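Asker: Take this structure, written in structure tokens, and hold onto it; I'll ask about it next.
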Amino acid sequence: MNDSISFFPSATEGEGRWRNFITPKFCNVKKNLYTYLPILFSLSVLAGIVMYPQKAQAQSLSQFWSSMPDSLMPYLDKGKRMELLDYAKMGTKKEVKSQFNQMVTLDTITDNFMQVTLNEELTLQMKRLPVEDEDSVFCVVKSFGKEAVESTVIVYNQDWSPRSRLTFSPQLFSEQIKTHELLDKVELERCLPMVAASLNADNDEMRLRVSYQLLSQEEKRLLKDEEVQLNVKWNGETFNKCY
């Protein structure tokens, strides 16, 4: 018989006590971990979104055309604009009647370029253009007139807020006009020169040309095949003259 007194539990007894001590607490920790893990994961994702916000998906040219405010084109509402796109997808006629009962024709549409003839004297072009570190922007050119043509050029953000209104003076062509033999015979100031613009469907350039309002038949004959023009190229913010 062993009468010695031990201050330490036996191995078996100690193992049992340790198991009784730790098992309930360990189970509680494990249970809590499974309970809060989805919440922790959601919070980490939310923190990532806040710290590194994602850009909204850029609009396609078709979406931009559809979302045009009616105030910018009151004679062709959204329904008519959507109808033109539907015809283009089906490969059928690309014409609709405007509110003024005039035929509107979708001449060309690609991923980045669109041209619409609104009537005999009004043409609209739209071009999607790149901007560094931002979503793309859209350049809209409206050209008014038949023989003598003048254009307005406005660059819009994705939400149709105007980004910049670009103006091109006939003075841009002064050097060309000075060296142009036929133009020397025409009093240009009397003819009220204007600038017509045309976007290029294949690249980020735009062609500018001089247009005249008051020309005699003889002057029209002289200048018929002698257009003064130049190309400008988009640089991410505006158009620069191409050299």
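The values are calculated or read from the model by the stated rules, or taken from the named source; none is laboratory data. Source: prediction; values computed, not measured. Here the Cβ is made from the backbone with ideal geometry for all residues, glycine too, and neighbour counts use every protein chain on show. Just the protein is used for accessible areas: all its heavy atoms, side chains included, with ligands, DNA and RNA removed. Shrake-Rupley method; radii C 1.70, N 1.55, O 1.52, S 1.80 Å.
Asker: Between residues in the range 112-131 that are open to solvent by 50 Å² or more (accessible area, probe 1.4 Å) and residues that are of a type in the set (A, V, I, L, M), which pairs lie under 6 Å by C-beta distance while being six or more apart or on different chains?
Answerer: R128/L61
Asker: Name the residues in the range 89-111 that are of a type in the set (S, T, N, Q), open to solvent by 20 Å² or more (accessible area, probe 1.4 Å) and more than 24 Å from A196 (Cα to Cα), would you?
Answerer: Of everything in the range 89-111, those that are of a type in the set (S, T, N, Q), open to solvent by 20 Å² or more (accessible area, probe 1.4 Å) and more than 24 Å from A196 (Cα to Cα) turn out to be T92, Q99, N101.
Asker: For the structure I just gave you, tell me whether Q63 is more than 27 Å from the chain's Cα centre (by Cα) and modelled with pLDDT of 90 or more.
Answerer: When the stated conditions are applied, Q63 does not pass them.
Asker: What are the pairs, 6+ residues apart or on separate chains, where a residue within the range 76-103 that is of a type in the set (G, A, S) has its Cβ under 9 Å from a residue that is in a helix (DSSP H, G or I)?
Answerer: A88/S62; S98/K80
Asker: Also, quick follow-up: Do we find a residue being outside any loop (DSSP other than H, G, I, E, B), within 12 Å of the chain's Cα centre (by Cα) and within 21 Å of P170 (Cα to Cα) anywhere in the range 97-115?
Answerer: No, because not a single residue in the range 97-115 is outside any loop (DSSP other than H, G, I, E, B), within 12 Å of the chain's Cα centre (by Cα) and within 21 Å of P170 (Cα to Cα).
Asker: Out of all the residues in the range 128-154, which are more than 16 Å from A196 (Cα to Cα), in contact with a Leu (Cβ under 8 Å, 6 or more places away or on another chain) and not aromatic (F, W, Y)?
Answerer: R128, S136, V137
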